[in-house]
Amino acid sequence: MTSTTARTRAQVAPNRAPWPIAVPAVVAVLFLLVPLIGLVLLAPWSQLPQILTEAQAVAALRLSLITATLTTAISMLLGVPLAWVLARSRSRAVRWLRALVTLPLVLPPVVGGVALLLAYGRNGIAGRWLYQVTGYQIPFTPLAVVLAQTFVAMPFLVVTVEGALRSMDTGLEEAAATLGSRRFATFRRVTLPLITPSIAAGAVLCWARALGEFGATITFAGNLPGRTQAMPSAVYRAFETDPPAAAALSLVLLAVSVAVLLLLRDRWLRPGATL
Amino acid sequence: MTSGAAFGSPAQGSGRAGLHAEIAFSRGDFTLEAVLDVPEKSVLAVLGPNGSGKTTVLRLLAGLLALERGRLEVTDTGGATECWDDPATGLFTPAEDRACALVFQDYRLFPHLSVLDNVAFPARARGLRRGESRQQAEVLLDRLGLTALAGRRPPQLSGGQAQRVALARALACEPRVLLLDEPLAALDARTRLEVRSELRNRLHDFAGVALLVTHDPLEAMVLADRICVLEHGRVVQFGTPAEVARRPLTEYVARLVGLNLYSGGLGGQSRVTLDGGGTLVTAGGEESTGGEQSTAPLHEGGRVLVALPPSAITLHPQAPLTASARNTWQGEVTGLELLTDRVRVAVSGAPDALVDITPAALAELELVVGQQVWLTAKATEVIAYPEPAGRDER
């Protein structure tokens, strides 16, 4: 009697996945998790301190942290105003602008690198002019690393902040106007504080993306140890010569990613969350 | 004063201190045309159903929308006139530059600022330093008895408190025109009563022009000196609360103030032949209510409106024997509705009528829908007044 009841209960339990859904879902989870587990299990834990304190690794980590942070700062400085224009402007041209601005989100990063090279290289449309006037060339410098990262990562911040601006109650901006506040003051005193959580989330996302940037960076900035070699490039180089070192460096990047996930858990790890 | 007749003539302020607004605005099928004059130190209520254009009026006055035609002017006590919007010359003063504050229906307090900083916001916007603007806000909060709320954030406020803070923030602008959009609509019934009497005092003390929009006639009558009834973007009635309550000019107003309203032609012996069938006898000349509404004498053959309170009609199961009441007619009960302390009976006949009776009378008459009844009303309860020209133009 009781067992019958129990079975009935189990059968009617809501949201119990039927096997054609459950099996692929489990396969997907395994597919995503096994490599990460492998990385953690097979990493040379005993040599870790030694590998990570090597001059080249330290330089790569340092460069990565500095450039990703600079990229984030530039992206916030330029990206937040851009997001405001995209969210608030009623011009039709803005729709095209948005498509253009978010293109780097879907563009293969290596294509971005080639494009940057063609634009800012010594013979590029802007780079030639810069070289003639100042004698300075951007490619294969730390600045190139920052530019490559910004090109790829800034759209993440712009998209996040624009979404926040769109979903924000514009009634508050209207109220500020009726209270005598000018538009920029309203932006500073009302809009910015209200979208701060989204700016923070966008900045973390942007920073993480910049830290992992590889394709555009290696194309535009190269892979010069101590100068333009950031963490992903270091992993790539190490893998050819010293696989355990590559695993160790990868472990560091994995740790950073997990930290980012934890930072953004309120945004992403709740049901129904979107970017 | 209330028609759109002033259009086309060179716009000119009345010279009196206050707000003078000639408004023409359209969006899609909807057109709004109204002339509003609100003297300083007075409160005007714009009363109207949803979609009548009330909120649009406020947004136009506040500068959140621009006029299509017309003119907005504010004249101060010295006679100096400031123009806020004049499409003819292209002059438009943006919202932030108008000495005008708007209390939104949903208050729109800044959720990231404390009550004190919300109230200090207008001073900050004028360029005052934080300390100074907070000091001013403290003084104002103290004057309004809201000091206890100063440190709270808007999400921690009750509806009534949020309303008070929103009003305080608007007053902190030191506006010459104070606009309120359905100020009490978001409150529960008990709070509404409390906030209403307080708001009445605040508006009474306010030195500038106050204009509120509402769909609640009680709110309009309690809070305002003058009522302007807006329907389908047109002013259909303008007068003191007493006039509007006693002599409604449209079905909508009559329903709001709870009167039966009929239109008809006045015949001999104060007998009005109603357009919808039937006749009603009035006691004759209606005394002036002492307001601004036209009190032209009634004349035979003229068009009139007749108002009859539902409580002034008596129901009888059979034809009444004694004809002490001058008006007697027959009808059929079509509906019964229990109000708080009485029963509203809908009767179809010539004319149709809403009749209020006591629950005891309902039991005694054993009324059911479909029953034939006789209605009587004293001539002295039948109030006739001239129908305004062009009433049915729409």
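The values are calculated or read from the model by the stated rules, or taken from the named source; none is laboratory data. Quick caveat, the model's predicted, so the values are computed rather than measured. Cβ atoms come from the backbone with ideal geometry, glycine included; neighbour counts cover every protein chain shown.
So, of the residues in segment A:238-262 that are more than 18 Å from A:Gln50 (Cα to Cα) and of a type in the set (Val, Ile, Thr), which turns out to be modelled with the lowest pLDDT? If we take residues in segment A:238-262 being more than 18 Å from A:Gln50 (Cα to Cα) and of a type in the set (Val, Ile, Thr), then A:Val260 is modelled with the lowest pLDDT.
Tell me the strands (runs of 3 or more DSSP E) entirely within segment B:312-359 that contain at least 2 residues that are surrounded by 14 or more Cβ atoms within 10 Å (Cβ to Cβ) and of a type in the set (Gly, Ala, Ser). Let's see the steps before the verdict.
Values: elements: B:313-316, B:327-338, B:343-349, B:353-357.
Hits in segment B:312-359: B:343-349.
Against the test of being away from chain B (no Cβ under 14 Å) and either at positive phi or surrounded by fewer than 18 Cβ atoms within 10 Å (Cβ to Cβ) (or both), the options A:Gln132, A:Gln229 yield a single qualifying residue, A:Gln132. Within segment A:190-205, the set of residues being within 11 Å of chain B (Cβ to nearest Cβ), more than 12 Å from A:Trp84 (Cβ to Cβ) and surrounded by fewer than 19 Cβ atoms within 10 Å (Cβ to Cβ) comprises A:Pro193, A:Leu194, A:Thr196, A:Pro197. The single residue among A:Thr178, A:Thr170 that is buried (at least 22 other Cβ atoms within 10 Å of the Cβ) and within 14 Å of chain B (Cβ to nearest Cβ) turns out to be A:Thr178. Can you say whether B:Leu249 is modelled with pLDDT of 90 or more, among the aliphatic types (A, V, I, L, M), surrounded by 19 or more Cβ atoms within 10 Å (Cβ to Cβ) and over 26 Å from A:Thr178 (Cβ atoms), as far as the supplied structure shows? Taking the combined requirement at face value, the residue satisfies it.
Total residues in segment B:114-126 satisfying the condition of being of a type in the set (A, V, I, L, M) and within 8 Å of another protein chain (Cβ to nearest Cβ): the figure is 1.
Only one entry in A:Ile66, A:Ile74, A:Ile138 is outside any helix (DSSP H, G or I) and either under 18 Å from A:Val204 (Cα atoms) or not charged (D, E, K, R) (or both), namely A:Ile138. Is it true that A:Thr186 is in a helix (DSSP H, G or I), in contact with a helix residue (DSSP H, G or I) (Cβ under 7 Å, 6 or more places away or on another chain) and either surrounded by fewer than 23 Cβ atoms within 10 Å (Cβ to Cβ) or within 14 Å of another protein chain (Cβ to nearest Cβ) (or both)? Answer is yes for this residue. Give me the residue from segment B:64-110 that is closer than 18 Å to B:Val209 by Cβ and among the polar types (S, T, N, Q) and, out of that set, surrounded by the most Cβ atoms within 10 Å (Cβ to Cβ). Among those residues, the one meeting the criterion is B:Thr75.
When each of A:Ala259, A:Ala255, A:Ala247 is tested for being buried (at least 18 other Cβ atoms within 10 Å of the Cβ) and either out of contact with any Cys (no Cβ under 8 Å at 6 or more places or on another chain) or not in a loop (DSSP other than H, G, I, E, B) (or both), the lone residue that passes is A:Ala247.
From the list B:Glu22, B:Glu82, B:Glu73, which residue is closer than 18 Å to B:Leu230 by Cα and either among the β-branched types (Val, Ile, Thr) or modelled with pLDDT of 90 or more (or both)? So that I can check it myself, show each step before the final result.
Numbers: B:Glu82 fails: closer than 18 Å to B:Leu230 by Cα; B:Glu73 fails: closer than 18 Å to B:Leu230 by Cα.
One residue alone meets the criteria, B:Glu22.
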